[in-house]
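The block underneath contains the structure these notes are about, expressed in structure tokens.
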Protein chains: 4
Amino acid sequence: MEKLIKGLRQFQSNYFDTHHELFEQLAHGQKPRVLFITCSDSRVDPNLITNAKVGELFVIRNAGNMIPPYGATNGGEGAALEYAVQALGIDQIIVCGHSNCGAMKGLLKLDKLREEMPLVYDWLLQAEATRRLVKENYSTLSGEELLNITIAENVLTQIENLRTYPVIHSKIRQGKLSLNAWVYQIDTGSVFAYDATRHEYVAPASPLQPLDPEELLPPSPGHPASWLSPEQADRIYRGSSTY
Amino acid sequence: MEKLIKGLRQFQSNYFDTHHELFEQLAHGQKPRVLFITCSDSRVDPNLITNAKVGELFVIRNAGNMIPPYGATNGGEGAALEYAVQALGIDQIIVCGHSNCGAMKGLLKLDKLREEMPLVYDWLLQAEATRRLVKENYSTLSGEELLNITIAENVLTQIENLRTYPVIHSKIRQGKLSLNAWVYQIDTGSVFAYDATRHEYVAPASPLQPLDPEELLPPSPGHPASWLSPEQADRIYRGSSTY
Amino acid sequence: MEKLIKGLRQFQSNYFDTHHELFEQLAHGQKPRVLFITCSDSRVDPNLITNAKVGELFVIRNAGNMIPPYGATNGGEGAALEYAVQALGIDQIIVCGHSNCGAMKGLLKLDKLREEMPLVYDWLLQAEATRRLVKENYSTLSGEELLNITIAENVLTQIENLRTYPVIHSKIRQGKLSLNAWVYQIDTGSVFAYDATRHEYVAPASPLQPLDPEELLPPSPGHPASWLSPEQADRIYRGSSTY
Amino acid sequence: MEKLIKGLRQFQSNYFDTHHELFEQLAHGQKPRVLFITCSDSRVDPNLITNAKVGELFVIRNAGNMIPPYGATNGGEGAALEYAVQALGIDQIIVCGHSNCGAMKGLLKLDKLREEMPLVYDWLLQAEATRRLVKENYSTLSGEELLNITIAENVLTQIENLRTYPVIHSKIRQGKLSLNAWVYQIDTGSVFAYDATRHEYVAPASPLQPLDPEELLPPSPGHPASWLSPEQADRIYRGSSTY
């Protein structure tokens, strides 16, 4: 706690005092263009990994970066996304999962949670669509491979759930909202985005602007272009037509 | 979106590549000591304002930094806090509200939200304890003063709600969990913490260690010691014994 | 009632007695290939309009041919579709709306139902995604045009909701399930199916077999090829990328 | 699917084109006199077995032809029946079960469904009244006999549940609504209706008009008068006064 309190002072001296104008501007309102939905996991820092400034990301965080289907729950998820889309006019939504996710590990051994963590158990029942899909489609996987697929598929499930929300359903029809599925790899610092045409997660490139010289660089060893092995990508997304 | 994607690259080159070891360590597990519950508002960046490193804060974010009482809702809040306390052994919880909060503005004009933002409306009904307390105890206030009090009181309401959760109720009895109420001022970069003995929000000081010389410095003009005026502090928290 | 009872006898003499074998076979089990979800409306007869034999369609019927998102309700919808997909191995789902739908009329004047028909009111709240989309995207329409669009959009909403069900989410990933959106026009006897590539409702043609000479016939005056006018089709489905 | 699409054309040419007037009339509204609640089972075709014309039956269909008690669920059942009684002024309700019902089979082995079909499991919990009654009153039965009793008793349970709905409760007091329990035998094409005075299911006869000569005919071998054996009928319905 002391550390945090020291941190508050450090923030004031080191950052705030040199970004005065930005904060003065922000004091009266926010204009984020992106709704970032990610896990509560301490290793995920949205502003850090996207190098976004204060005021750019409206953030929802919970265990497993989940947004249950419209009407299934009455927690903070629906209200926050409705506020983001309706009141703030946000036009990009990113659901970002991450490697080594505790919630997804829990999803793969659900029964064991029931007694010790009943709220986590109940919450993970909201991810039944992910659990079932993985169980029926990836029965040959295990260990880390299985966890990675679960993390990846779970983000896609949440994208599907997002579509059932009235404000999102309507705004997509207007062509004014895009949904993006990301997975953040903690050990490599890479982020992969799901490409709906190729049906696989790849290192993201901008779809709207000519590629930046920076973005033309070939993937470096520590930062691979595709997250899952070719066999996995092939076996897994073959025939997928939902996203 | 392109900006964010550029940002991902910048993160990799500028931060990740120079913090390799930290991320390698984190790849296999997290050991945060603090559960930070704050608003989805884009102007709040938990790691930034506490100068915390990746891996230090387990974060829940929703509209209005709210945690409804145990059993009232089935969204992600309960599961995330249960996981934090039970699985991660976290012993500090901070609920952090902030100035100019959209959710609290909404709370003060609830009826107007019903048609346009029904999910936000329903979610804010969870903050009825705050709304009613403010209505009945601060009827003379208006404008920004009223909003500030609502933000401040709302954080205290959430602290009270947190106590109703089984894992928290039990751990507090063991003397192993502390709950903290903070309010972050966007325009000054200051954070105020509720002091239960003095019944008011003050600039935070460490309760457990001898004060650091740094923390003995008097508050500078831009960083006042107390957030609310003496009259407000007095009138408002007189006799309050809930916290 | 007498009429119905006479009808039972007529069925036995006229139909049953001449289809003995079929019913003997069916007595021990069913093997429908299609799940047909349509309105309770008395003017819709699934087996009649598809000329399907007994045993071919597994049918769910409720007011407004609605399937709320997974987890939103605990009525018969989820169980019936789960049984259809999981136990019966059904691989085609058709959601069929119809012209002059009373539930959709109710959706367009929701407040008026609250007192007289509270259950209908509550049920139609499940169609909020349809209501909102229509309100925000088709504000220039009124009367029958507005009702027709609402009926059409509502079927698409239900398709989206269907995807959130675990058994459906998983089976689609396996490439073994197709979802179809139909609208039945009572006054012309025509059925239009939504074509995801063209983003509009058209007279259905088989996608998998070479066209039957019968299906090559040009649409006759009483049976138009496209249900909505070209202007409507254009304005309405422009930019739609969800289905 | 192709078959169905062909069927759509056949319907238009064979039936619609020769029943123009009927459909023109129906295009503007429906006036069904009967609410028919039956199973989603593909082998049940309400209009076929009652020889009813399009427009005569308002139909609700789900797994097990169930209507949970008022307030127990928020699916489509309540809304559809409320609309039928309140908006359409329907005065006859028929709940029609059928032989070899999969839902009732499931009810007799509930635990086995939990993992594979959780939604069916949850839905069948709504039929606990049937399950318990059968377990405690028919413990000597097994196999097909047990299934038949369960099907029969389940329909009676639903009749009881129907009475708990406000619109039905009220209309029955006005003497303007009758509830009927039917069971349809797929292998014989017979339908049996519960006779409250005799406490057994018998071949239905009109209660309101002098019997039609047709209805005076003795039951033929393939179409028995009573569905259950005399011993069953006696043992089972003795003293039953609920209906």
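Worth a mention:
- Test for A:A103: is it in a helix (DSSP H, G or I), farther than 24 Å from A:Y201 by Cβ, within 8 Å of chain B (Cβ to nearest Cβ) and of a type in the set (G, A, S): no
- Residues that are farther than 20 Å from C:E77 by Cβ and either within 12 Å of another protein chain (Cβ to nearest Cβ) or touching a residue at least 24 places away in the same chain (Cβ under 8 Å) (or both), drawn from segment D:107-129: D:L108, D:K112, D:E115, D:A129
- Meets criteria (modelled with pLDDT of 90 or more, surrounded by fewer than 24 Cβ atoms within 10 Å (Cβ to Cβ) and more than 7 Å from chain B (Cβ to nearest Cβ)) for A:K3: no
- Top-ranked residue of segment C:106-139 - restricted to ones that are under 23 Å from C:E160 (Cα atoms) and part of a loop (DSSP other than H, G, I, E, B), ranked as nearest to the chain's Cα centre (by Cα): C:L108
- Hits in segment A:17-47 - residues which are assigned to a helix (DSSP H, G or I), hydrophobic (A, V, I, L, M, F, W, C) and surrounded by 19 or more Cβ atoms within 10 Å (Cβ to Cβ): A:F23, A:L26
- For D:N14, the stated conditions hold: it is outside any strand (DSSP E or B) and more than 17 Å from D:E160 (Cα to Cα).
- Taking segment C:81-122 as the range and being in contact with a strand residue (DSSP E or B) (Cβ under 9 Å, 6 or more places away or on another chain) and among the aliphatic types (A, V, I, L, M) as the test, the residues that pass are C:L81, C:A84, C:V85, C:L88, C:I90, C:I93, C:I94, C:V95, C:A103, C:M104.
- In segment A:1-39, residue farthest from the chain's Cα centre (by Cα) [restricted to those that are of a type in the set (G, A, S) and farther than 22 Å from A:L88 by Cβ]: A:S13
- In segment D:64-79, the qualifying residues are those that are open to solvent by less than 10 Å² (accessible area, probe 1.4 Å), assigned to a loop (DSSP other than H, G, I, E, B) and among the hydrophobic types (A, V, I, L, M, F, W, C), and the one that is farthest from the other protein chains (Cβ to nearest Cβ) is D:I67.
- Only one of D:N137, D:N180 that is open to solvent by 20 Å² or more (accessible area, probe 1.4 Å) and more than 10 Å from chain C (Cβ to nearest Cβ): D:N137
- Yes/no for A:R43 being in contact (Cβ under 8 Å) with a residue 40 or more places away in the chain, within 7 Å of chain B (Cβ to nearest Cβ), under 20 Å from the mean Cα position of the chain (by Cα) and within 26 Å of B:N74 (Cα to Cα): yes
- Exactly one residue out of C:F23, C:F36 is in contact with a helix residue (DSSP H, G or I) (Cβ under 7 Å, 6 or more places away or on another chain), closer than 21 Å to D:G102 by Cβ and modelled with pLDDT under 95: that is C:F23.
- Some residue of segment C:22-35 being of a type in the set (V, I, T) and touching a Cys at 6+ places or on another chain (Cβ under 6 Å): no
- Residue check, C:Q158 free of Cβ contacts under 8 Å to residues at least 12 places away in the same chain and touching a helix residue (DSSP H, G or I) at 6+ places or on another chain (Cβ under 9 Å): no
The values are calculated or read from the model by the stated rules, or taken from the named source; none is laboratory data. Keep in mind the model is a prediction, meaning the values are calculated, not measured. In this analysis, Cβ positions are derived from the backbone assuming ideal geometry, glycine residues included, and neighbour counts consider all displayed protein chains. Surface accessibility is based on the protein's heavy atoms, side chains included, excluding ligands, DNA and RNA. Shrake-Rupley method; radii C 1.70, N 1.55, O 1.52, S 1.80 Å.
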